[in-house]
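Read the structure below first, then the notes.
The values are calculated or read from the model by the stated rules, or taken from the named source; none is laboratory data. Remember, predicted model here, so these are calculated numbers, not experimental data. Neighbour counts run over all protein chains shown; Cβ positions are idealised from the backbone, glycine included.
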Amino acid sequence: MYMNKRVFTSALLLALATSSLLAQLTGTEKKEVVDQLSKEMIARYVVKEKAQEVAKIIQANYSNGKYDSLTTGKDFALKLAQDANAICKDAHFRIRFSESVLPVRKEASEPSKEELEADAKFVRLINAGFEEVKRLGGNIGYIRFLGFQDPKEAERAIQASMQFVQNTDALIFDIRDNGGGDPETVRLLCNYLFDKPTHINSLLMRRGDKTQKVDFKTGTPKGKRYSNPIYVIVSKRTGSGAEEFAYDLQNQKRATIIGENTWGGANPGGTVRLTDHFAAFIPVGMAQNPISMTNWEGTGVTPDVKCDPKESLKLAQIMAIKKLLETAQGDDIDRLKSVLKELEG
């Protein structure tokens, strides 16, 4: 998810993963969820006017008995989310039901100490989502990772990955299955990809009734910068912060994006506990690219080269080799042509 320094903690994910049908919900339980969602939306959602409209609609629906026939938590959460998103049309907004009691928080949107500790352990166990780092034929670097996890935990994996590919002549980032994460981690990786400080993204964050603009600019990496050509392969499963990564590089003309249109979620936020069994992910901001002055919400990132994502890795490698052949000399020409022939054959 595209979040402002807060991710779904693994403890909450585990609780939500156990969602199933429970005993029939009472009207009182439904009313509590409707009231709390209305309150949290008005207080937090990035567009307050839309939040107020959502609150008005779901309160009216409850009063008019439109939720009376919904007897399970799962069905009620789904219908409530549909009613809210008919107004918001926000890819990130969602409501989840958990059969297990959700962890109590000091603040509704702030993970508990236990949740944060569990999340940090989870991120370490999955190596911050970094699955593959290798060198492909033609001396093309390849990095496949599944998320932009907490920067404190992801920094080591990013540094090690970028060090491994340092001597390659081109680099492919595979984010076809990357669901996103923390914009600070997006910046952390981008630190390695630009030769000077670069404004890559801004977040317009709601703070009460005011909007605060937070700029993300690249800085000095903990290692050498990568200056060779970059290719990013994407799919409709590329979401949120991963979309930002592709969108940032595309608008800065730093990479070629290959694949299909991505998921289409650009509004960061966090999970808010509503009741013992219900939680909502409420976006509190929106991305704004400094070049396009907009973002990818609802549309996804449109690739520079469209193709079936299953073929995108091969195509990216072919494109990289052809690009290298433009300036290759001596034995490098034969070496690259040999790899190209094998790929195209």
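At-a-glance table
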| item | result |
| --- | --- |
| Any hit, segment 257-269, residues being touching a Leu at 6+ places or on another chain (Cβ under 8 Å), more than 30 Å from residue 41 (Cβ to Cβ) and not assigned by TED's automatic domain parsing to the domain that holds residue 95 | yes |
| Matching option when the condition is closer than 25 Å to residue 320 by Cβ and more than 19 Å from the chain's Cα centre (by Cα), among 129, 141 | 141 |
| Members of segment 54-71 found to be assigned to a loop (DSSP other than H, G, I, E, B) and either within 17 Å of residue 87 (Cα to Cα) or modelled with pLDDT of 95 or more (or both), listed by number | 64, 65, 66, 67, 68, 69, 70 |
| Options 153, 184: the member that is at pLDDT 95 or above and either of a type in the set (S, T, N, Q) or under 22 Å from residue 270 (Cα atoms) (or both) | 184 |
| Near pairs, Cβ below 9 angstrom, 6+ apart or cross-chain, from segment 255-267 (touching a residue at least 24 places away in the same chain (Cβ under 8 Å) and at positive phi) to any residue that is assigned to a strand (DSSP E or B) and surrounded by 24 or more Cβ atoms within 10 Å (Cβ to Cβ) | 259/232; 259/233; 259/234 |
| Among the candidates 169, 215, 209, residue that is touching a residue at least 12 places away in the same chain (Cβ under 8 Å), buried (at least 17 other Cβ atoms within 10 Å of the Cβ) and of a type in the set (Asp, Glu) | 169 |
| Wholly enclosed strands (runs of 3 or more DSSP E) of segment 95-210 bearing at least 3 residues charged (D, E, K, R) and on the phi > 0 side of the Ramachandran plot | none |
| Any hit, segment 108-118, residues being under 22 Å from residue 187 (Cα atoms) and in contact with a Pro (Cβ under 9 Å, 6 or more places away or on another chain) | no |
| Long-range neighbours under 9 Å by Cβ, at least six apart or interchain, first residue farther than 29 Å from residue 267 by Cα within segment 48-70, second of a type outside the set (Val, Ile, Thr) and not in a helix (DSSP H, G or I) | 70/25 |
| Test: residue in segment 154-162 that is in contact (Cβ under 8 Å) with a residue 40 or more places away in the chain and surrounded by fewer than 23 Cβ atoms within 10 Å (Cβ to Cβ) | yes |
